[in-house]
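One structure is given here, and the rest of the page talks about it.
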Amino acid sequence: GVAGLTGLVKEADPGILAEVVGSRLQPHLFPPNYTVITRGNPASSMYFIESGCCVATAGGREVERLYPGDFFGEVGVMVAYERTADVRTTGSVEAWELHAEDLWQLLAAFPSLSAALRSSASSRLAIADLHRRPPPP
């Protein structure tokens, strides 16, 4: 969980970051084929994958596979305020959840985290929008 964050935060010592973030992350063990987030639902947290694989879909089409060290849910929290894609597990997945209130505090403290997540959110939102549109006739 924290390992996924350390690569995104440039201005903090990994040990300090682990101490600051560690108490804010909630561990989850999701079973196979479990829908972690559903498009259209309110977005109140994001997730960091510790082990396993998840698939993000928009408009019924796969848009991304997510692996250990990857994160998801930032689009809804930072940009859209609702879920913009469905994310489900392909097998058992261990993940860490970071609630929006804690995320906003971290973004204020670590500008490089804010920049990295905003960049990711913008790219993913554009991809999700593209896949939600009906195909041309």
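The values are calculated or read from the model by the stated rules, or taken from the named source; none is laboratory data. Just so you know, these numbers come straight off a predicted model, no measurement behind them. Please note: Cβ atoms are built from the backbone with ideal geometry, for glycine as well, and neighbour counts cover all protein chains shown. For the accessible areas, the whole protein counts, side chains as well, though only heavy atoms, and no ligand, DNA or RNA atoms are used. Shrake-Rupley method; radii C 1.70, N 1.55, O 1.52, S 1.80 Å.
Within segment 110-123, the set of residues being open to solvent by 60 Å² or more (accessible area, probe 1.4 Å) and either within 21 Å of residue 23 (Cβ to Cβ) or without any contact (Cβ under 8 Å) to a residue 12 or more places away in the chain (or both) comprises 115, 119, 123.
For segment 88-97, indicate whether the set of residues that are touching a Lys or Arg at 6+ places or on another chain (Cβ under 6 Å) and in a strand (DSSP E or B) is non-empty. No, segment 88-97 contains no residue that is touching a Lys or Arg at 6+ places or on another chain (Cβ under 6 Å) and in a strand (DSSP E or B). Applying the condition of being touching a residue at least 24 places away in the same chain (Cβ under 8 Å) and open to solvent by 70 Å² or more (accessible area, probe 1.4 Å) to segment 33-64 and asking which residue is farthest from residue 91 (Cα to Cα) yields 42.
So that you can scan it fast, the table gives a plain yes or no per residue for (1) at pLDDT 85 or above; (2) open to solvent by 60 Å² or more (accessible area, probe 1.4 Å); (3) of a type in the set (A, V, I, L, M); (4) within 13 Å of the chain's Cα centre (by Cα):
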site: 66; (1), (2), (3), (4): yes, no, yes, yes
site: 78; (1), (2), (3), (4): no, no, yes, yes
site: 92; (1), (2), (3), (4): yes, yes, no, no
site: 107; (1), (2), (3), (4): no, no, yes, no
site: 135; (1), (2), (3), (4): no, yes, no, no
